[in-house]
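**Student:** This is the structure I want to talk about, given as structure tokens.
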Amino acid sequence: MMKIKFGTSGWRAIISDQFTFSNVKIVSQAIAEYVKKTGGKTLIVARDTRFMTEHYAQLVAQVLTANGIKVLMPENPTPTPVVSFAIRHYKLSGGINITASHNSPEYCGIKFNPADGSPAPPEVTKEIETLIEKIDEKKIPTISIREASSKDLFEIFEPKAQYIKAIAQKVDLERIKLAGLKVIVDLLYGTSTGYLDELCRSTCGEIDIVHNYRDPYFGGYRPEPDEDRLRELAEKVKNRGWDIVLATDGDADRFGIVDDNGEYVKPNEVIALLAQHLYTHRKLKGPVARTIATSHAVDSVAQTFNQKILETPVGFKFLANMLLSENVVIAGEESGGLTIQGHTPEKDGILACLLVLEMIAYERKSLSQIRKDFRKNYGEFFNTRIDFQLSSEEEKQELLSKFKNMKDYLSGIKIVNQDSIDGTRYFFDKPDAWVLARASGTEPVVRIYLEAKDLQTFQSMLLAIRKMSRQEGKA
């Protein structure tokens with residue numbers, strides 16, 4: 001058996017390869033032992049819309065309840081942010097969601113959130129990994145759901161109403177309603193079905209809901225609300241005069257936005273726009289937090305409002321720590337995750353989409369105009385991420401080795417500083433110009449992130465990266 005490792009957001013593997021009933025039992029037992037060791041008694045166990053998740057969730061419940069841990073299980077597929085909310089609202093010992101988030105359909109996974117509702121930090125996942133290595137599958141106890149119910153160790157429950165109530169306290173739904181916006185909502189066959197669509201139906205002037213049913217194949221693509229996935233709807237916006245497209249990924253912790261001109265709005269930009277909105281209109285005070293791979297546009301906003309900028313390694317578990325300890329106004333990452341002050345310390349795609357509607361309603365301008373105004377005030381930030389799909393560890397190390405000698409590929413710009421907080425990052429002799437290379441914690445991918453405030457510098461950095469690689473990658 002391969003070693004089971006937790007990445008930046010839980011354990012993920014290919015179904016029937018490493019993600020098997022046997023390994024799910026082992027991981028469940030390890031989590032049970034960790035929870036018992038920390039004095040925990042009750043967990044929420046949820047699932048997304050992937051293949052067989054209801055069966056995996058049931059097995060997790062059978063292992064946990066056999067260990068004397070009570071399980072609360074939503075009847076329907078449930079967003080990861082709702083799991084996090086439920087942990088905090090009902091004062092649970094933690095939660096498990098059977099999900100591979102935005103990964104392609106052949107993957108499944110397990111996310112674990114401890115009692116504070118945040119993604120499990122490295123010290124917790126390392127302890128679980130250590131427990132996994134010591135577990136003998138043949139000795140893992142299980143009991144039937146019927147027996148667990150009879151012992152008051154299993155209960156079907158629904159956290160949806162309380163989550164919606166909490167969202168209504170974080171977002172000005174009445175102001176959105178008065179704006180009468182025309183909105184397309186793409187649920188990407190995922191868990192925001194019954195959440196984001198219902199909230200938009202009650203607040204938007206006109207609405208078109210797409211992909212609002214379960215499809216374990218997610219239409220044949222990975223359930224990630226990125227530019228490629230939303231291109232068809234972008235054309236629809238341009239041709240028919242919609243105000244915006246809102247989208248979420250498979251477990252609704254990531255968001256995707258298309259503006260009224262049919263232009264995809266990168267999460268980097270959304271985070272900065274919402275930071276400005278929260279400081280300006282909501283009058284919130286406190287620092288911003290972002291990962292090392294996220295645009296510095298949000299830094300400019302924080303500096304304008306005399307607020308601190310907190311930087312973390314990649315992974316929302318690190319941002320969650322900032323939220324819990326630093327009263328952060330907004331925490332975000334370039335991959336499409338954010339949350340705000342006073343909300344659950346987990347990324348929430350549903351909240352993010354509604355905050356964009358709230359921002360438009362406050363500004364009384366189109367999203368495209370809000371974007372133009374931002375660039376006028378703060379300048380333009382050119383940034384992208386290039387994903388290199390690699391088939392072997394040798395290929396990965398070769399690319400990372402080349403990156404460490406990036407100076408050999410540069411022309412017209414110089415490296416003035418570097419660090420290795422998470423991967424390898426270089427800073428250049430141009431305004432806000434930097435590049436970062438790191439291996440993904442959830443996929444066989446090396447990701448390179450780059451940003452600059454002038455196009456020529458950005459293009460020079462991009463050219464250097466292309467020279468380093470024998471394959472084109474995906475920008």
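The values are calculated or read from the model by the stated rules, or taken from the named source; none is laboratory data. Keep in mind that this is a model prediction, so the values were computed, not measured. Every residue, glycine as well, gets a Cβ built from its backbone with ideal geometry; the counts of neighbours run over all protein chains shown.
**Student:** Return the pairs, sorted by first residue and then second, in which the second residue is crowded, with 17+ Cβ neighbours inside 10 Å, the first residue lies in the range 360-371 and is at positive phi, the beta carbons are less than 8 Å apart, and the residues are 6+ apart or on different chains.
**Tutor:** Going by the 8 Å Cβ cut-off, the qualifying pairs are Arg364/Ala179.
**Student:** Still on this structure, I have one more. Among the residues of the range 412-449, count how many are β-branched (Val, Ile, Thr) and in contact with a Ser or Thr (Cβ under 8 Å, 6 or more places away or on another chain).
**Tutor:** 3
**Student:** Return yes when Thr339 is crowded, with 24+ Cβ neighbours inside 10 Å, in contact with a Phe, Trp or Tyr (Cβ under 7 Å, 6 or more places away or on another chain) and of a type in the set (S, T, N, Q) and no when it is not.
**Tutor:** no
**Student:** Here is a follow-up. Identify the single condition in (1) of a type outside the set (A, V, I, L, M); (2) at positive phi; (3) touching a helix residue (DSSP H, G or I) at 6+ places or on another chain (Cβ under 7 Å) that Gly39 does not satisfy, given that it satisfies every other one.
**Tutor:** (3)
**Student:** Still on this structure, I have one more. Please indicate, with yes or no, whether at least one residue in the range 233-250 is β-branched (Val, Ile, Thr), part of a helix (DSSP H, G or I) and at pLDDT below 95.
**Tutor:** yes
**Student:** So which of Phe403, Phe388, Phe427 is over 30 Å from Ala115 (Cβ atoms) and either modelled with pLDDT of 95 or more or β-branched (Val, Ile, Thr) (or both)?
**Tutor:** Phe427
**Student:** Taking the stated definitions as given, is Val328 hydrophobic (A, V, I, L, M, F, W, C), over 23 Å from Tyr195 (Cβ atoms), in contact (Cβ under 8 Å) with a residue 24 or more places away in the chain and not in a helix (DSSP H, G or I)?
**Tutor:** Yes: the conditions hold for Val328.
**Student:** Identify, by number, the condition in (1) free of Cβ contacts under 8 Å to residues at least 60 places away in the same chain; (2) in contact with a Cys (Cβ under 7 Å, 6 or more places away or on another chain) that Phe19 doesn't meet.
**Tutor:** So Phe19 meets the others, but not (1).
**Student:** Shifting gears a bit: Within the range 39-55, restricting attention to residues that are in contact with a Ser or Thr (Cβ under 9 Å, 6 or more places away or on another chain) and in contact (Cβ under 8 Å) with a residue 60 or more places away in the chain, which residue is nearest to Ile135 (Cα to Cα)?
**Tutor:** Here the residue is Gly40.
**Student:** Hey, which of the helices (runs of 4 or more DSSP H) in the range 142-230, taking only ones fully inside, have at least 1 residues that are outside the structural domain of Pro345 (by TED's automatic domain parsing)?
**Tutor:** 145-150, 160-170
**Student:** Turning to a different aspect of this structure: Inspect all residues belonging to the range 293-311 and state whether any of them is more than 17 Å from Glu269 (Cα to Cα), among the aromatic types (Phe, Trp, Tyr) and in contact with a strand residue (DSSP E or B) (Cβ under 6 Å, 6 or more places away or on another chain).
**Tutor:** no
**Student:** Here's a follow-up. Given the condition closer than 29 Å to Glu106 by Cα, in contact (Cβ under 8 Å) with a residue 24 or more places away in the chain and not in a helix (DSSP H, G or I), answer yes or no: does some residue in the range 276-288 qualify?
**Tutor:** Within the range 276-288, none of the residues are closer than 29 Å to Glu106 by Cα, in contact (Cβ under 8 Å) with a residue 24 or more places away in the chain and not in a helix (DSSP H, G or I).
**Student:** Please go through (1) surrounded by fewer than 13 Cβ atoms within 10 Å (Cβ to Cβ); (2) at pLDDT 90 or above; (3) among the acidic types (Asp, Glu) for Glu394 and return the number of the only condition it doesn't satisfy.
**Tutor:** Exception for Glu394: condition (2).
**Student:** Do we find that Ser335 is closer than 24 Å to Pro431 by Cβ, under 17 Å from the mean Cα position of the chain (by Cα) and not in a strand (DSSP E or B) in this structure?
**Tutor:** no
**Student:** Could you say whether any residue in the range 34-43 is at pLDDT 95 or above and closer than 30 Å to Arg438 by Cβ?
**Tutor:** For the range 34-43, residues at pLDDT 95 or above and closer than 30 Å to Arg438 by Cβ: present.
**Student:** Quick test of your reading of the structure: Lys308 fulfils all but one of (1) surrounded by 18 or more Cβ atoms within 10 Å (Cβ to Cβ); (2) free of Cβ contacts under 8 Å to residues at least 24 places away in the same chain; (3) not β-branched (Val, Ile, Thr). Name the failing condition by number.
**Tutor:** The number of the failed condition is (1).
**Student:** Then there's this: Could you say which residue among Ile415, Ile465 is surrounded by fewer than 17 Cβ atoms within 10 Å (Cβ to Cβ), in contact (Cβ under 8 Å) with a residue 12 or more places away in the chain, touching a helix residue (DSSP H, G or I) at 6+ places or on another chain (Cβ under 9 Å) and hydrophobic (A, V, I, L, M, F, W, C)?
**Tutor:** Residue meeting the stated conditions: Ile415.
**Student:** Somewhere in the range 375-385, is a residue among the hydroxyl-bearing types (Ser, Thr, Tyr), touching a strand residue (DSSP E or B) at 6+ places or on another chain (Cβ under 9 Å) and buried (at least 19 other Cβ atoms within 10 Å of the Cβ)?
**Tutor:** No: the range 375-385 contains no residue that is among the hydroxyl-bearing types (Ser, Thr, Tyr), touching a strand residue (DSSP E or B) at 6+ places or on another chain (Cβ under 9 Å) and buried (at least 19 other Cβ atoms within 10 Å of the Cβ).
Conditions (1) of a type in the set (Gly, Ala, Ser); (2) buried (at least 17 other Cβ atoms within 10 Å of the Cβ), marked per residue:
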| residue | (1), (2) |
| --- | --- |
| Ala161 | yes, no |
| Lys170 | no, yes |
| Val185 | no, yes |
| Leu199 | no, yes |
| Ser202 | yes, no |
| Asp208 | no, no |
| Asp215 | no, no |
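**Student:** Select from the range 121-147 the residues that are within 28 Å of Glu346 (Cα to Cα) and among the aliphatic types (A, V, I, L, M) and write down the one among them that is nearest to the chain's Cα centre (by Cα).
**Tutor:** Going through the qualifying residues, I end up with Val124.
**Student:** Can you name every residue in the range 289-325 that is hydroxyl-bearing (Ser, Thr, Tyr) and assigned to a helix (DSSP H, G or I)?
**Tutor:** If the condition is that a residue be hydroxyl-bearing (Ser, Thr, Tyr) and assigned to a helix (DSSP H, G or I), then Ser300, Thr304, Ser325 are the ones that fit.
**Student:** Have a look at Glu333, Glu326, Glu269 and point out the one that is buried (at least 24 other Cβ atoms within 10 Å of the Cβ), in contact with a Lys or Arg (Cβ under 9 Å, 6 or more places away or on another chain), of a type in the set (D, E, K, R) and assigned by TED's automatic domain parsing to the domain that holds Lys238.
**Tutor:** The unique qualifying residue is Glu333.
**Student:** Can you name the condition, by its number, that Ser300 falls short on among (1) of a type in the set (Ser, Thr, Tyr); (2) closer than 28 Å to Val435 by Cβ; (3) surrounded by 22 or more Cβ atoms within 10 Å (Cβ to Cβ)?
**Tutor:** Status for Ser300: all satisfied but (3).
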